[in-house]
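The values are calculated or read from the model by the stated rules, or taken from the named source; none is laboratory data. If you're wondering where the values come from, they're calculated on a predicted model, not measured in any experiment. Neighbour counts run over all protein chains shown; Cβ positions are idealised from the backbone, glycine included. For the accessible areas, the whole protein counts, side chains as well, though only heavy atoms, and no ligand, DNA or RNA atoms are used. Shrake-Rupley method; radii C 1.70, N 1.55, O 1.52, S 1.80 Å.
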Amino acid sequence: MIGVISYNRTPKSPRLHDLQQVLGTGDTEALQSFWREITDQGAPIIEGIEGDETHSLVTFLWQSSEISSVAMISILTDPTTYPMTPLLDTDLWYMTCRVRNDVRTTYQLSLLHIS
């Protein structure tokens, strides 16, 4: 089962939390550096949870400044839609879930473009 733990302005992903802190200092290169890392390493971001060997944090990403909303649709038993959140005033949209390490699923992203 997927447990959604972020649809707010404070990312639960340690990686995104750190990025948000750096962006808050005015480091304009941090976001570009982040996207280069994601291009090299791939997405979603999978992070361990301290003290929990059974679950991980999985953060889905989308990059666009030309959409008004984006959602991740997961199919475990029934299709479920999880809205994504923009990180500050950037082109980075994210949604973090706490999932069992043995989960296997498919997902799609649904976009709503600005008219």
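Note on Asp91 and His17: the model spin-label points, each 7 Å out from Cα along the C-beta direction, lie 2.8 nm apart. So which trypsin sites (Lys or Arg not before Pro) in the stretch 19-115 pass both tests, a DSSP loop state and at most 14 other Cβ atoms within 10 Å of the Cβ? Hits after loop and neighbour filter: Arg104.
Placing dummy labels 7 Å off each Cα toward the beta-carbon, the span from Thr39 to Thr25 is 2.4 nm. For the chain, a crude dipole built from +1 on the beta carbon of Lys and Arg and -1 on the beta carbon of Asp and Glu, taken about the Cα centre, is about 320 debye to the nearest 20. Considering only Leu92, Leu16, Leu31, the mean-square fluctuation computed in a Gaussian network model of the chain, springs between alpha carbons under 10 angstrom, is largest for Leu31.
Quick check: at a probe of 1.4 Å, how many percent of the accessible area of the stretch 59-100 sits on carbon and sulfur atoms?
Its accessible area is 50 percent carbon and sulfur atoms.
Based on protein heavy atoms only, the chain ends up with 61 Å² per residue of surface accessible to a 1.4 Å probe.
Which Cα, out of Ser65, Leu111, Gly26, lies furthest along the positive dipole direction of the chain (beta carbon charges, K/R +1, D/E -1)? The one lying farthest along the dipole's positive direction is Leu111. Placing dummy labels 7 Å off each Cα toward the beta-carbon, the span from Arg100 to Ile46 is 1.6 nm.
Remark: the Ser68-Leu109 segment gains 13.4 nm on full extension, using 0.36 nm per residue and subtracting the alpha carbon distance. The fraction of all Cα pairs in the stretch 47-115 landing in successive 10 Å bins from 0 to the largest distance is 20, 45, 28, 7, 0, given as whole percents.
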